[in-house]
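Peer 1: Take a look at the following structure, please.
The values are calculated or read from the model by the stated rules, or taken from the named source; none is laboratory data. Small disclaimer: the values here were computed from a predicted structure and weren't measured. Backbone-built Cβ (ideal geometry, glycine too); neighbour counts: all protein chains shown.
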Amino acid sequence: MVLLTDPLHVKGFILRNRLVLPPMVTNLASYDGCVTDSLIEHYVNRAAYVGLVIVEASYVSEAGKYVERQLGAHCDEMVHGLKRLVERVHEKGACIVLQIVHAGSKSTLQNITPLAPSPDGRSKELSKEEIRVIVEEFAKAAERAVLAGFDGVEVHGAHGFLVNQFFSPLTNKRLDEYGGVLENRMRFPLEVVEAVKNEVGDRLLLYRIGADDLIYGGSTVEDAKVLAKRLEEKGVNIIDVSGGVCGSRPSCFEGVEGYFIPYAREIKKVVSVPVIGVGGIRSFEYANRVLEEGYVDLVAVGRELLNDPLWAKRALDSANFAKRI
């Protein structure tokens, strides 16, 4: 039986417990994407008790930037600040990985023409050459994460950002080898993963998967299970299960605790690598129960840790008390 307090060994790394601080955009970076003291303190304050910190979505190129004060991994000048962040979090005893992302058509910046698998009225359709460039941009961002000392990298393939846009039939209307049937829609995500894997080497490789679009005609958990198996074959070490183009907080799940856990449970059935479950988790008891029941291997708690950095300490104390009785 697994509890919150139990460590997890993954590819030579030891996560001291099963709690994860998931990636959440803080808008604490500078306008040019650099790490700031405020951003470092945000993570340090929440790293003292969790096993794994996944640093917020960091853009791989200027064209892939989502919002103004987003963290960047798009150029070599970012490495120094990222290294400072890693060192401070490591002092707290947590493992730390960097999530990397391309916003695609979700970019909100006025000076950027959004890029997408298919045009949608405001976005430009990517050519095959441009697709190859973006794959290389993901690889370079991963290389910078390694230079900064991160324990690994997470590819953001959820929430309707570019990698997820290729996977979803709602946003991918291409007629070439990157669109249409599931095998083709998986092509770009798998190419990104392969390129990133080549850079991270013996460090951790995570993938945040959009498990279901929750919209008629979109991708489903059955599609995600096929992708999850392919991701494992490509060398992904941990699969982080969230929403597809529906985003991280679908209105249909308002007030539901652990709303993506059932999807994570389904994906866990088809892979042997650890699976992270997430989705409005609020209570210590619930977090511990989904681990005890074997639904997931790790539990990501976002809003509670955002509001209260010591939530993790109380959750672990609660699990230890339950273990004693």
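Peer 1: Considering segment 190-211 alone, what residues qualify as being closer than 24 Å to P117 by Cα and either crowded, with 24+ Cβ neighbours inside 10 Å or hydrophobic (A, V, I, L, M, F, W, C) (or both)?
Peer 2: L190, V192, V193, A195, V196, L206, Y207, R208, I209, G210, A211
Peer 1: Of the conditions (1) surrounded by 23 or more Cβ atoms within 10 Å (Cβ to Cβ); (2) in a loop (DSSP other than H, G, I, E, B); (3) touching a Ser or Thr at 6+ places or on another chain (Cβ under 9 Å), G218 fails just one. Which one is it?
Peer 2: Checking G218 against (1) surrounded by 23 or more Cβ atoms within 10 Å (Cβ to Cβ); (2) in a loop (DSSP other than H, G, I, E, B); (3) touching a Ser or Thr at 6+ places or on another chain (Cβ under 9 Å), the one that fails is (1).
Peer 1: All but one of (1) free of Cβ contacts under 8 Å to residues at least 60 places away in the same chain; (2) farther than 16 Å from L227 by Cα hold for S105; which doesn't?
Peer 2: For S105, the exception is condition (1).
Peer 1: Within segment 61-97, track down each residue that is touching a Gly at 6+ places or on another chain (Cβ under 8 Å) and either modelled with pLDDT under 95 or assigned to a strand (DSSP E or B) (or both).
Peer 2: G72, C95, V97
Peer 1: Continuing with this model, one more query. Criterion first (in contact with a Leu (Cβ under 8 Å, 6 or more places away or on another chain) and surrounded by fewer than 18 Cβ atoms within 10 Å (Cβ to Cβ)) does K269 satisfy it?
Peer 2: So K269 fails the test.
Peer 1: Among the residues of segment 28-60, which ones are part of a loop (DSSP other than H, G, I, E, B) and in contact with a strand residue (DSSP E or B) (Cβ under 8 Å, 6 or more places away or on another chain)?
Peer 2: A29, D32, G33, C34, Y49, V50, G51, V60
Yes/no per residue for (1) acidic (D, E); (2) under 20 Å from N164 (Cβ atoms); (3) out of contact with any Phe, Trp or Tyr (no Cβ under 6 Å at 6 or more places or on another chain); (4) in contact (Cβ under 8 Å) with a residue 12 or more places away in the chain:
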{"residue": "G217", "(1), (2), (3), (4)": "no, yes, yes, yes"}
{"residue": "L231", "(1), (2), (3), (4)": "no, yes, no, yes"}
{"residue": "K234", "(1), (2), (3), (4)": "no, yes, yes, yes"}
{"residue": "V245", "(1), (2), (3), (4)": "no, yes, yes, yes"}
{"residue": "S251", "(1), (2), (3), (4)": "no, yes, yes, no"}
{"residue": "I267", "(1), (2), (3), (4)": "no, yes, yes, yes"}
{"residue": "V270", "(1), (2), (3), (4)": "no, yes, yes, yes"}
{"residue": "P274", "(1), (2), (3), (4)": "no, no, yes, yes"}
{"residue": "R282", "(1), (2), (3), (4)": "no, no, yes, yes"}
